[in-house]
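Some notes on the structure that comes next.
The values are calculated or read from the model by the stated rules, or taken from the named source; none is laboratory data. This one's a predicted model, so the numbers in the text were calculated from it and none came from an experiment. Because the Cβ atoms are built from the backbone with ideal geometry, glycine has one as well, and the counts that use them run over all protein chains shown. Surface accessibility is based on the protein's heavy atoms, side chains included, excluding ligands, DNA and RNA. Shrake-Rupley method; radii C 1.70, N 1.55, O 1.52, S 1.80 Å.
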Amino acid sequence: MEIAETLKEKGVDVAIPIFEETVEWAGAINSVLLDNPRLLGQSMLLRDKSLMKRRAQLGGIRVGIFEEAHERDDVIRFLKRVNQTLLKLDGDPNDPIHVKAFDKAGCLGHRVIRTPDEIDTIPDEEFPVLMESHLDGWEFAVEAWVHNGRICFLNISEYVTLGYSVFVPATPELEKYRPEITRQVEKLIKTFDIEFGFIHPEYFVTSDGEMYFGEVAYRPPGFKVFELLERTYGFNAYHALVLAFDPKTTDAEIDAFFPKEVVDATGHAGCFGVYPRRRVVSQLSVPPETEDHDYFDSHELTAPMAEKVTKRTAFGNHWGLLYFFGEDPYTLRDLLKRQEELDFYI
Amino acid sequence: MSPDSGAATTLDRRVATLDHAARSLSAASDFGKQVKLPRVLEALRRVLQLPGGCAAVGARAAGLEAAGLFLGTDWARPHILIPSLSTGSLRSANADTVVLEAVSDLRLLAVAKGDLEHPMISAEQANDHLSQVLAVNLSLLFTAPTEAERVQQGRMAEVSRALLNYLVTEIGYEKVLENLVDEIWRILRQRPIQVDSVKRMITQIAVARANPDVDLGASGLGADRLISSLYGTTEGCREDPGVEIYRTRVESMDDSALQYEATGFARSMHDTGLVSPYHAVLLRFLLGKGEYLLGEAMGLSSTGRDSLLCYHELVRSLIEQAVHVETAQCIYGLTLMLERGILYQPPVAPALWRQLALRLSPHSQQRLTQVFGPAPNARAWLLSGVLSVLGLPLGIGQGDNPTCQSARALSMWAYNDPDYLLQTVVWAARDDEIVMHFEGRPISSRESDAGVSTALQHDLDPVSLLVVPHLDRIYAEMGRQCVGRDGDPHRWINPEFHGWWSGRGFRINVDVATGQLTDLEDFQRHFYASYHPFYNGNQPVIHPQPAGIAITDSAARFVGWHAITVLRVNLDPESKMRVYFYNPNNDSGQDWGDGVVVGTAGHGERFGEASLPFEQFASRLYIFHFDPLEPGESAAVDRTELDRVFGYIRRSWGADRLPAEPVADEQVQTDGH
C-alpha cells in the first residue's frame, strides 16, 4: 500500500511485473494506481496454478484432469485414480502424473511421478501442490501482447525439447494452427478478464489435433524468448511490454510499433539451455561443431564455479544459454536437438 | 565462383551477426549495455577467428567503440594503455580480454593509418603504441602456441597470433624491432640481476634476423650490438661456434690474441650489462695466465685491479667455483664487486671464504636445483647469485609485489652492509632459519607463520630465492606483533627490519583507520626539511632510507602501497632537484599518470636507480623516516612548490582521500606563523 501510494505521488501510471514473484505485487499496486480492486484478485488467479486451471475450466477451455494435494496421501490417491480412468490393469505401467508446487516460477518444483515410491521424494515444504494428468503431445508456448482486450502481437514459440530448447517463429506445421491458437488465446483473455498487458500461456496439441490449456503466466517468459524475438523481429520486447501495459498508449501507437507476425521475421532465432552431462567437470569447452555452425550466434556460458555438478532439480536451472539464428526452421530445429548430445563442460 | 567463396560467405555471415549485435549494443542505454555486450564479444571472437577477420573488425572499430564496447574498461582511454600489459591480455585465458585487446589494437591501427580520428590519441601515438605492443609480443609471431597456451587459451591462441601477423604486415617489422631494441636497452640500463627475459627477447630478434622474409631496416645496428653481446662478442666467437670449439680456439691463442679477446668481452659487458657464455670460457682459461689478463677480461679500473691484486687468491677461487657457462652473468657482478672496493671492509673477504666452503641444507639445495637446474651445482648457483647481488645491489627485483619489503632489505644490505647480507645468506642456506630481533625479542623465520606472499616464488635470483621466504615471514611476524598499536606498524618495523640507519623518526600522511589523508601540509614540509638539500642545510642522504609510496597507474589511479628506498637527492644535469630511489620492482621505469613518469636513465641516474623530480616524488610519498635530531627548516619551504605537490596529490591517489576541509584551510593557519 505504501509503495503504491508513493508511486502514485511520483506520477507512476502502472506497474509492470517482470518476474513471477512480482506478479502479485504489480497486481496489488495496479489495484491502487488504476483504482480497480479486481486487479489484485486477477493477479492472484494468475499466480495460483490450481485457481488458474479452475478458472480456465469455467471459461470452457479444455484442460486435463487436475487436483490439489496437501499431503502425500492425496498424491497417491490421484495417481491411482488417473490410471484407473485410463483403464489400466494391475501390472500395466502407470501413466505418469505431473506435480507442481503451487506458486513457484516456471519449472521450479515441477516433477513427474510414475510410482508411489517417487512421491516420497517430494519435500514437505513443496506442499500444497497441483497434480495434473500427463498429456502426450506437442507442447508449445504463446506470447501475446494485449491492449484494450485485443491481441496486438501473438508469437508462437516452438519447443524442440521441453526445458532445453525453443525457437521463434515456429515451423510452418505449428504456424498452421495459428488461427485456432489465436481463438484459444482470445478465449483466455476473456476468461481471465485481461484488459492490457502481456500473457504467456502454454498449450498442448494432442495427436488428434486437440488443444489443451496448460497454464498461463502474466509476466515475460523464461529462456530469453524476448531476446529471440528482438533478434528476429527487431523490436525490443520489453519496450513492447511497457507499451501494452500502459493504458494511455493509443491503438495507432501500438499498430505502428509491432511488426506483422511471421512475415516480418528476418529468420528463426533459437536458444538451447546447456546442462553439463557429466557428474564432474573442470572447464568450459564449446564444441567446435557448435561454434563453427553458420547459425551459431553467441553463448552466455561461464567457466564452472564448482567441479561437481549438482543434480538437476528443475528445467529452469540450466548453466547458460546458447543462441542460434538462421533462415531455415528445420535446420535450426535439428541443430538445437543435436546440442543435447554434446558436452559443453568437460 | 572463386575457391574461397565459401570462406567469404562464412565471414559475411559472421560479420552480419556482428553488425546486428553491435547495433543492439549501440541502441541500448548505458545501464543496459552489460546485457548486450556478451553477444558482441562472441560475434567479434568468431569474426577474428576467420581469415580476413582482423580487417573486417578494423573497419568497424570506430563503430564498436562508439557503441560502447570499451565502456568502463581501461581500453576506453587509449592514451593510458601500456604496451607491456598487452602481453598479459593477449595471452589471457579469458577470451573476452583477448577480444577487447584485439579490437583496441585494430582501432589504434585505423588511427595510426589515418583512417580514423580519435579524440584521445594521435596517429603518431597510436603507431608508437602498436609497434611497442608488437615488440613485446614478438614471440607470438615466431612461435607456434605452446602446449600450455593451447590448454589455457584454446583457439584464442591463434587469434592473438593472427592479430599480430595482421598488425605487423600493416606496420612493418622495421618499426617493431626498433622498439624492441629500445625496450631491451631501457631494461638493460637498469642493470637487472635477472636477465633471462632480456636474453629471450634478444634470441627472438636473432631468429627474426635469420628469417629472409623479414625486413629489418634501420634497426639492424642496435639489434646487432645486442645479439653479438651474447652470441658473437669477439673475433674468436664471431660466428657463434659453440663453447667447446671456442675453448679449443682459446687454447691455441697467443697472449696478444687473448688480450684482444679479453678487451672485447670486457667492453661488451660494460656496455650492455650482459655477459656472453663465451666470456665464462675465456675467464676460466685465463685463471692459468696471470692477473693482468684476468683484469683485462673484466675491464677493471685501477680500483678493481687493486682489489684483484690484493685478494687474488680469493678472486681466483670465486671464479673457479662460480663462473660457468650457465652462470656467466655473475662475471659482471664479480667485476662490479671488485670495483666497489667492498673487499677492503674487514669482514667481507672472510665471509666470502666462508661462502666458498658453505654446505647447503638439503632444502636449499633442492630449491636451487629445482629452479636453476642441476648444472652447475646448487652451490655454484648460489655463489654466482651472491656475487651478482654484491656487485649490483640495485639489480635485485622481486617476481611478485607482496615481497617488496624483503627485496628492499636485501638490496639495502648489499648496498650498505654487505657483511650482514652475507651472514643472512649463510643462515638461510645452511640453517634454513633466520633470526632477527624485534624490540628485544628474537623472531625466528622457522617458527613464524606464513608471510605476506602466499605462494612460493620462482622467478627470482638465487639469493632472493633462498632468503626472501625467511625475510617475508619475519616481516609478517613483526607486523603481527604490532597488531593493536595506533598508526602504521612500519614506524617500528622498518628500523628493526632494515637496519639501525633507518631514521627513528617516522611520518605518515594517511590515517590508517580511514585511509584518508591527514596532516598533508605538515607532512610535506617535514619531508622537504629532512631531505631537500635547500631546506636541510645542504645535507645529502647518507644512508639509504626506507620509504613508502602510493603507486598509481598511468591514469593516476591508486594501485597500492609500495616499499622503496630513497638513495640520493641531488640536482640533475638540468639543475632540477631530483630524488633518486631504488624500486624493488623488476622494472623501475613506470608511468604513474598525470605526467609523473619515473626515469631510469638520462637524468643523472646511476645503473639501477629510478628518479623523479622532487615535487613529483613527494606527491606519491606516504611514509618516510627521518632523524629527529636534524629538524631542517620546514617553514622555509616555498608555498608555490607545496601547492604544486598538493596539485599532484589531488589529481591522483589523493582525489578521494582528501579530508572534507580542503587544504586551503590549513594554508591560512600556516601562513599565520
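Taking the simple approach of a point 7 Å from Cα along Cα-to-Cβ for both A:M305 and B:D459, what is their distance in nm?
So the two model labels end up 3.1 nm from each other.
Could you please state, rounded to a whole Å, how far the C-alpha centre of segment A:238-277 is from the C-alpha centre of segment B:583-614?
With segment A:238-277 and segment B:583-614 each reduced to a Cα centre, they are spaced 59 Å.
Kirkwood Rh, Cα Rg: Rg to Rh for segment B:355-483?
A ratio of 0.94.
Just to confirm my numbers, what's the Cα centroid distance between segment A:49-85 and segment B:184-216 in Å?
Taking the Cα centre of each part, segment A:49-85 and segment B:184-216 sit 78 Å apart.
With the dipole of chain B worked out from charges on the C-beta (+1 for Lys and Arg, -1 for Asp and Glu) around the Cα centre, which of B:A61, B:V275, B:G503 lies farthest toward the positive end?
Value computed over the given set: B:A61.
Using 7 Å Cα-to-Cβ label points, what is the A:D120/A:R279 separation (nm, one decimal)?
Placing both labels 7 Å along Cα→Cβ, they lie 2.1 nm apart.
Name the residue from A:A252, A:F272, B:F607 whose Cα lies farthest towards the positive end of the charge dipole of the protein assembly as shown, charges +1 on Cβ of Lys and Arg and -1 on Cβ of Asp and Glu.
Positive-end residue among those listed: B:F607.
At R0 = 25 Å, how high is the FRET efficiency between A:D136 and A:R62 if r is their beta carbon distance? Nearest 0.05 is fine. It would help to have the intermediate numbers written out before the result.
Numbers: r = 15 Å, r/R0 = 0.59.
After rounding to 0.05, the efficiency reads 0.95.
Just to make sure I understand: if all protein chains stay in place, what is the order of B:E124, A:E132, B:E291, B:E251 by accessible area at 1.4 Å, largest first? Intermediate results must be reported in sequence, preceding the final value.
Details: B:E124 155, A:E132 20, B:E291 40, B:E251 110 Å².
In descending accessible area the options line up as B:E124, B:E251, B:E291, A:E132.
Give the cross-link partners of A:K88 among the lysines, using a straight C-alpha distance below 19 Å as the criterion and excluding same-chain residues fewer than 8 apart.
List returned: A:K80.
Estimate the FRET efficiency between B:Q481 and B:Q345 by the formula 1/(1 + (r/R0)^6), using the beta-carbon distance for r and 35 Å for R0, to the nearest 0.05.
It comes to 0.60.
At a 1.4 Å probe, what is the % contribution of carbon and sulfur to the accessible area of segment B:119-269? Write down the numbers at each step before the final one.
Numbers: 3600 of 6930 Å².
Result for segment B:119-269: 52 percent of the exposed heavy-atom area is carbon or sulfur.
Peptide A:291-299: average number of partner chain Cβ atoms within 10 Å per residue?
Per residue, the average neighbour count from other chains is 5.
Could you give the alpha-carbon Rg of chain B over 2.2 N^0.38 Å, rounded to two decimals?
Working: Rg = 27.6 Å, N = 673, 2.2 N^0.38 = 26.1 Å.
Ratio of Rg to 2.2 N^0.38 Å for chain B: 1.06.
Which of A:Y295, A:A237, B:I171 sits closest to the plus end of the dipole of the protein assembly as shown, meaning its Cα is farthest towards the positive end, when Lys and Arg get +1 and Asp and Glu get -1 on the C-beta?
Of the listed residues, the answer is B:I171.
State the percentage of accessible surface on segment B:504-636 attributable to carbon and sulfur atoms; use a 1.4 Å probe and exclude ligands, DNA and RNA.
Looking at segment B:504-636 in its full context, I get 51 percent from C and S.
How compact and how long is segment A:234-346, expressed as Rg and Dmax of its alpha-carbon atoms in Å?
For segment A:234-346, the Cα radius of gyration and maximum Cα-Cα distance read 18.4, 55 Å.
Using a 1.4 Å probe on protein heavy atoms only, how many Å² of accessible area do A and B hide from each other, summed over both chains and rounded to 100? Provide the component values of the computation, followed by the final result.
Details: alone 17130 and 28180 Å², together 44000 Å².
For chain A against chain B, roughly 1300 Å² becomes buried.
Compare A:K176, B:K113 by solvent-accessible area with a 1.4 Å probe and give them largest first, with all protein chains kept in place.
Details: A:K176 150, B:K113 100 Å².
Final ranking, largest accessible area leading: A:K176, B:K113.
So which of A:K187/A:K248; A:K8/A:K224; A:K53/B:K33; A:K49/A:K248; A:K100/A:K176; A:K100/A:K187 end up more than 29 Å apart by C-alpha?
Among A:K187/A:K248; A:K8/A:K224; A:K53/B:K33; A:K49/A:K248; A:K100/A:K176; A:K100/A:K187, the Cα-Cα distance tops 29 Å for A:K8/A:K224; A:K53/B:K33; A:K49/A:K248; A:K100/A:K176.
Which chymotrypsin sites (Phe, Trp or Tyr not before Pro) does segment B:412-471 hold that lie in a coil by DSSP with at most 15 other beta carbons within 10 Å?
Answer in residue order: no site qualifies.
Carbon and sulfur: what percent of chain A's accessible surface (1.4 Å probe)?
Percent of accessible area from carbon and sulfur atoms in chain A: 53.
Cross-link partners among lysines for B:K113, C-alpha distance below 29 Å, same-chain residues fewer than 8 apart left out?
Within reach: B:K175.
How do B:F142, B:F614 stack up against each other in accessible area, from largest to smallest, with a 1.4 angstrom probe?
B:F142, B:F614
Could you work out the relative contact order of chain B? I mean the mean sequence separation of Cα pairs under 8 Å and 6+ apart, divided by the number of residues, in percent.
The value is 9 percent.
Magnitude of the Cβ-charge dipole of segment B:71-164, K/R +1 and D/E -1, about the Cα centre, nearest 20 debye?
Charge dipole of segment B:71-164: 160 debye, to the nearest 20.
For chain A, what relative contact order do you get, as a whole percent, if you take Cα pairs closer than 8 Å and at least 6 residues apart?
Result for chain A is 16 percent.
With the solvent-accessible surface defined on protein heavy atoms using a 1.4 Å probe, which residues belonging to segment B:33-62 display a reduction of at least 10 Å² in accessible area in the multichain context relative to the isolated chain?
B:V35, B:K36, B:P38, B:R39, B:E42, B:R45, B:R46
Taking Cα pairs under 8 Å and at least six residues apart, what relative contact order does segment B:297-451 come out at, in percent?
Working: 163 pairs, mean separation 36.9, N = 155.
Computed over segment B:297-451, the figure is 24 percent.
Note every residue of segment B:12-28 with a reduction of at least 20 square angstrom in accessible area, all protein chains present versus the isolated chain, computed with a 1.4 Å probe, or write none.
When all protein chains are present, B:R13, B:R14, B:T17, B:H20 each give up 20 Å² or more of accessible surface.
How big is segment B:1-160 by Rg and Dmax over its Cα atoms, in Å?
15.6, 47
Can you compute log10 of I(q)/I(0) for the protein assembly as shown with the Debye formula, treating each Cα as one identical point scatterer, at q = 0.09, 0.10 Å⁻¹?
Results for the protein assembly as shown at q = 0.09, 0.10 Å⁻¹ read -1.09, -1.21.
Within chain B, which whole H helices from DSSP have a Cα span along their axis of at least 27 Å and a mean Kyte-Doolittle hydropathy of 1.6 or more, if any?
The qualifying helices: there are none.
Over all directions, average the projected area of the Cα convex hull of segment B:611-653 and note it in nm².
Averaged projected hull area, Cα only: 3.7 nm².
Rolling a 1.4 angstrom probe over the protein heavy atoms, how many square angstrom per residue are accessible across the protein assembly as shown?
That works out to 43 Å² per residue.
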